[in-house]
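The values are calculated or read from the model by the stated rules, or taken from the named source; none is laboratory data. Keep in mind it's a predicted model, so treat the numbers as computed, not measured. Methodologically, a virtual Cβ is constructed for each residue, glycine included, from the backbone with ideal geometry; neighbour enumeration extends over all protein chains shown. The protein model used for the area step is the full one, side chains on, heavy atoms only, and it has no ligands, DNA or RNA in it. Shrake-Rupley method; radii C 1.70, N 1.55, O 1.52, S 1.80 Å.
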Amino acid sequence: MKLVYFAWVRERVGKTDEDVEVPEGIGTVVDLVRWLKSRGDEYEYAFENEGVVRAAIDHVHAKPEASIAGAREIAFFPPMTGG
């Protein structure tokens with residue numbers, strides 16, 4: 001699965017994207033975020049407030065409880081403001 005990071009999430013993680021093998025049992029966006037946080041301080045920092053970072057599954061905005069089954073790409077980004 002490809003993970004893509006935008007804006008300050010990218011800066012905190014230290015990479016724009018990566019391909020990962022998601023462990024069995026990781027079924028939702030929130031599960032994925034919690035697993036990522038366990039991978040190192042940079043992920044812990046990027047996702048320190050799980051309610052702030054947004055996700056998109058295959059270019060469609062997704063809620064934290066959304067299933068990631070069959071996803072090819074998951075993007076993480078901070079909240080956006082209009083203007």
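Couplings 3J(HN,Hα) of segment 62-76, computed from phi: 9, 7, x, 8, 5, 6, 9, 4, x, 5, 8, 9, 10, 10, 10 Hz, in residue order, whole Hz [Karplus 6.51 cos²θ - 1.76 cosθ + 1.60, θ = phi - 60°; x for Gly and Pro]. Here the chain carries DSSP beta bridges of which approximately 75% are antiparallel, counting only pairs with both residues inside. What residues of segment 1-21 lie in the reach of a label at residue 44, counting those whose backbone N is under 16 Å from a point 7 Å from the Cα along Cα→Cβ? Of the residues in segment 1-21, 12-14 have backbone N under 16 Å from the label point off residue 44. What is the percent carbon and sulfur in the accessible area of segment 2-77, measuring with a 1.4 Å probe over the protein chains and ignoring ligands? The nonpolar share, carbon plus sulfur, comes to 48 percent.
Relative contact order of the chain, taken over Cα pairs closer than 8 Å and 6 or more residues apart, is 38 percent. For residue 17, the residues 5 or more places off, or on other chains, whose built amide H falls under 5 Å of its own are 5. Here the spin labels are modelled as points 7 Å beyond Cα on the Cα-Cβ line, and at residue 35 and residue 65 they lie 2.0 nm apart.
Surface analysis of the chain yields an accessible area of 61 Å² per residue, using protein heavy atoms and a 1.4 Å probe.
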